[in-house]
Each structure stands twice: as structure tokens, then as C-alpha cells.
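A short worksheet on the structure shown next.
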Amino acid sequence: MFTQTQVDRFQQLETPFYFYDLNLLQQTLNECYEAAVQYNYHVHYALKANFNTKVLEAMQKVGFGADCVSGNEVKAAIAHGFANSKVVFAGVGKSDKEINAALDADIFCFNCESVQELQVINELAVAKGKTARVAIRINPNVDAHTHHYITTGLEENKFGINTWQLEDVLETLKGSNNLEFIGVHFHVGSQILNMDVFKNLCLRVNELQDWFEEHGFAIKVLNVGGGLGVDYYHPDTNAVCDFKTYFKIFRDFLKVKQGQEVHFELGRALVAQCATLVSRVLYVKNGQKKNFLILDAGMTELIRPMLYQAYHHIQNLSKGEQLTATYDVVGPICESTDCFRTDVQLPESQRGDLIAIRTAGAYGEVMASGYNLRDRVQSVYAE
Ligand code: LLP
């Protein structure tokens with residue numbers, strides 16, 4: 001919810017912008033940290049969800065590591081004070097340039113996604129006279145029961161190494177003197193609300209780690225990825241995720257051996273609720289069958305509804321609570337798909353009204369584009 005003072009302030013500002021509540025962010029991080037630390041779990045924040053400077057500073061301060069998926073994310077993490085020894089580099093297509101930079105930075109670990117990638121990292125490490133720590137990303141074939149665009153753990157996916165290729169992996173590791181195998185990595189998908197998915201993941205990890213050990217490979221790190229979902233429907237009443245229940249699933253079902261570390265890579269659950277996309281109504285267009293609310297924000301600022309049919313709660317901040325009208329809420333971009341949602345119940349709205357699109361902190365600002373030569377979206381912080 002927003003205070004009248006905040007709405008008055010928004011009124012003075014140029015729209016659209018992302019509005020950040022850094023207090024809520026801090027509260028979320030504290031709750032996550034407390035819930036994880038009691039089991040000695042380590043959280044690496046997945047920068048891809050949001051790499052806003054203030055967000056990164058808060059993540060680093062609370063003591064999280066960084067989960068990066070590009071050379072620039074590795075650079076950004078280090079520039080924001082994350083210790084090199086807490087940076088992991090994942091991704092299915094790391095370029096030679098990115099690998100070399102990460103080797104120079106002596107990051108904690110590369111999460112590797114193919115046999116060929118292992119060979120390339122080894123060659124590049126040999127050329128530098130370095131040893132690269134590697135974890136093997138395994139495709140556990142666990143169904144995340146989430147949108148098919150953001151499910152990653154099934155066999156037909158481009159991510160990870162399938163279990164039938166693991167013999168090859170071990171052969172490659174044995175022949176690669178400049179690779180140090182440290183563990184296994186999994187990530188089954190994003191926006192997961194069904195805790196059974198994480199339980200199934202744990203059971204699969206237990207089997208797979210036994211397999212490695214039977215083949216003479218000791219596992220130091222079990223990285224179980226991220227994926228915890230948030231409540232897009234109730235951003236005010238459910239602003240912070242239930243981290244306790246989430247970590248307890250792993251506590252109850254994941255077999256952790258003496259000396260092993262358990263790593264998590266949370267993105268969305270840490271940042272989704274702390275930002276709102278604030279926009280203005282440019283025009284109200286009344287048709288015969290539909291009324292359109294045309295906003296000054298569109299898919300160039302927040303693409304999730306258009307790309308994944310994702311629900312974001314939409315509110316008119318300039319009018320009361322009476323939902324007496326129905327609109328298709330659309331953006332200004334020259335694409336029919338530039339629609340936040342059809343048939344949205346809102347108060348009777350007019351040109352100039354402020355519209356809030358909630359739970360936009362994860363995969364919002366970072367996925368903004370310059371399509372139609374739009375201005376870069378601005379960030380505003382709660383005072
Ligand atoms: N680790 C790996 C290997 C990942 O691929 C991801 C997300 C994460 C961790 C963090 O997952 P999270 O905790 O945020 O669910 N743009 C989409 C989401 C893409 C997720 C990509 N991978 C969206 O807007 O819903």
C-alpha cells in the first residue's frame with residue numbers, strides 16, 4: 001500500500017518509474033538470512049532478477065554471495081563488494097572472454113552445463129596456469145509445475161547435463177588437470193509455489209550425490225538453485241515469502257554429509273515485492289465492447305505479462321477503492337501484445353491518474369528494452 005504523501009510525491013514526478021521500498025527489501029533479506037543461517041545454508045543472490053545498485057549493496061551487506069550468468073554480472077558483483085570467493089558463474093553459453101575474466105578474478109566456482117564447456121574451461125585455465133573450481137549442473141528431470149517458459153529442470157531443456165551423460169563428465173574431469181571438481185548444481189525452474197517440487201528435488205539430489213561418491217568423486221557443495229515463488233495476487237498481505245518453510249523442506253529431505261555446504265540461488269523471492277512500476281494514464285479509449293486504459297508504461301518497462309502471461313496486481317492510486325469499471329490496461333508500444341491485462345476491474349479512471357503495477361522488483365527493470373527508442377526507465381526510492 002502507498003501513503004498519501006507517497007502518492008502526492010509520485011504526482012510531481014515524471015512517469016513511468018520503478019519505485020523501490022528499500023525497507024521492505026531489507027526486511028525480506030533479514031528474514032531470509034535468519035531462516036538460512038540456522039541450518040548453516042549459504043544464499044547466493046541471483047543478480048539476473050535485479051541488478052539495481054542499491055539492491056546489490058543491500059544483498060552484499062546482508063552477507064549473501066552472488067550468482068552470476070554473464071561476465072558483466074560477475075564484474076558488477078565484484079564492483080559492489082561481493083567477495084570473489086562468494087561469486088559463482090553459471091549459464092549455458094559462457095564465452096571465452098567471460099571465462100577468462102572469471103579465471104582472472106579467481107571466483108569461487110563455475111557451474112558447468114556441458115562436457116564441451118568443461119574442456120574449454122580446462123584449456124583456458126591451462127593457458128593461465130590456474131585451476132578452475134567447477135560444479136556440474138545436472139538436469140534432475142524434476143517437473144517444476146510452473147510456466148513452460150521458466151521451467152528448466154526437464155530433460156528436453158537446453159540447461160544442465162542429463163544423467164545419461166554423467167559418465168562422460170567423470171572421464172573429462174579425470175583428464176582435466178586444471179579443473180577442481182567441487183560439487184553439483186541444480187535449478188528446476190522459477191516461481192515455484194508448490195513445496196513438493198523442492199522435496200522431489202531433494203530426493204533426486206540424494207540419489208545423484210550417492211552416484212558421484214560411488215564413482216570416487218567427493219561432493220563438497222550441494223547447490224540446489226533458486227526458484228521460490230512469490231504471491232503476485234496479494235503484494236500487501238503477503239509481502240515477505242515464507243522462507244522458514246522453504247528452508248525446512250531442505251532440512252527435512254536433503255541428505256547433507258559431514259563437511260558439505262548447501263548453497264541456494266534465490267532471485268525473485270528476495271526482490272519481487274520491493275518494487276512497483278508507477279505509470280500514468282495517457283488516454284481512456286472507449287470502444288463498443290471494450291474500454292482501454294492507455295498507460296505511459298508498456299512492455300518496454302515490464303515485459304512479464306506479455307512474455308509469460310504473468311499476473312501483476314494493478315491499482316489506480318489516484319482514485320478510491322470502488323472497482324466500478326473494467327478496462328484492458330495497455331501500453332503505448334506499437335504491438336498488439338503490449339497489454340498488461342484484459343478486463344481489469346478498476347475505479348472509473350481518467351487521463352493523468354497514477355497506476356501502480358505491483359510486484360515488479362524481479363525480472364522487471366532488468367528486462368526493460370529500448371524498443372521504439374523509448375527512454376530508459378528511471379528508479380525512485382521511498383524516502
Ligand atoms: N539459478 C539459476 C540457474 C537460474 O536459471 C535462475 C533463474 C535462478 C537461479 C533464480 O531463480 P529465481 O529464484 O529468481 O526463481 N524472467 C523470468 C524468470 C527467469 C528465471 C531464470 N532463471 C520471469 O520473469 O518470470
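The values are calculated or read from the model by the stated rules, or taken from the named source; none is laboratory data. Note that the structure is a prediction, hence the values are computed from the model and not measured. Because the Cβ atoms are built from the backbone with ideal geometry, glycine has one as well, and the counts that use them run over all protein chains shown. Heads up: the accessible areas ignore ligands, DNA and RNA and are worked out on the full protein's heavy atoms, side chains in. Shrake-Rupley method; radii C 1.70, N 1.55, O 1.52, S 1.80 Å.
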Can you give me the Kirkwood hydrodynamic radius for region 236-383, using every pair of distinct Cα atoms, in Å to one decimal?
17.3
Check cross-link reach from residue 285 to the lysines: straight Cα distance under 20 Å, and skip same-chain residues fewer than eight apart.
319
HN-Hα J couplings of region 349-360 from phi, Karplus 6.51/-1.76/1.60, θ = phi - 60°, integer Hz, Gly and Pro as x?
10, 9, 3, x, 5, 8, 10, 9, 10, 8, 6, 10
Net charge (Lys, Arg +1; Asp, Glu -1) of residues whose beta-carbon lies under 14 Å from that of residue 3, residue 3 excluded, is -3
Heavy-atom accessible area per residue, the chain, 1.4 Å probe: how many Å²?
45
Give the shape of region 166-319 as rounded, prolate or oblate, defined through the alpha-carbon gyration tensor: a ≥ b ≥ c are the square roots of its eigenvalues, a/c under 1.5 means rounded, and otherwise the shape is prolate if a/b is larger than b/c and oblate if not.
prolate
Residue 349 long-range amide H proximity, modeled H, under 5 Å:
none
Let's see if you can work this out: charge +1 on each Lys and Arg Cβ, -1 on each Asp and Glu Cβ, no other charges. What is the dipole magnitude of region 23-271 about its Cα centre, in debye to the nearest 20?
580
How big is region 246-321 in terms of Cα radius of gyration and Dmax, in angstroms?
20.8, 68
Most packed first (mean Cβ within 10 Å per residue), the peptides 87-99, 158-170 order as 87-99, 158-170
Per-selection metrics, region 36-136 (Cα): Rg and Dmax in Å
13.5, 42
Projected onto the charge dipole of the chain (+1 at Lys/Arg Cβ, -1 at Asp/Glu Cβ, origin at the Cα centre), which of 279, 228, 59 gives the Cα projection farthest towards the positive end?
279
Gain upon complete extension [residue 203, residue 258; 0.36 nm per residue less C-alpha separation]
18.0 nm
Mind giving me the nanometre distance, one decimal, between the label points for residue 104 and residue 164, set 7 Å out from Cα along Cα→Cβ?
4.1
Starting from the residue with the highest accessible area, list 1, 299, 367 in decreasing order, probe 1.4 Å.
1, 367, 299
Mind checking the full-extension length gain between residue 130 and residue 3? Use 0.36 nm per residue of separation minus the Cα-Cα distance, one decimal, nm.
40.2 nm
Residue 366 to residue 237: extension gain in nm, 0.36 nm per residue of separation minus the Cα-Cα distance?
43.9 nm
List the relative contact order of region 23-271 as a percent without decimals, with contacts defined as Cα pairs under 8 Å and 6+ residues apart.
21
Looking at the chain from every direction and averaging, what is the projected area of its Cα convex hull in nm²?
19.5
Where does each of 248-256, 15-23 land if you order them by average Cβ count within 10 Å, highest first?
15-23, 248-256
Quick shape check on region 320-383: root eigenvalues a ≥ b ≥ c of the Cα gyration tensor, a/c under 1.5 is rounded, otherwise prolate if a/b tops b/c, else oblate, and it reads oblate
The chain, helix-only ellipticity at 222 nm - DSSP H runs n ≥ 4, -39,500 (n - 2.57), divided by all residues, nearest 500:
-9000 deg cm²/dmol
For residue 75, list the lysines whose Cα falls under 26 Å from its own Cα; do not include residues on the same chain fewer than 8 positions away.
48, 54, 61, 86, 94, 97, 128, 130, 158, 220
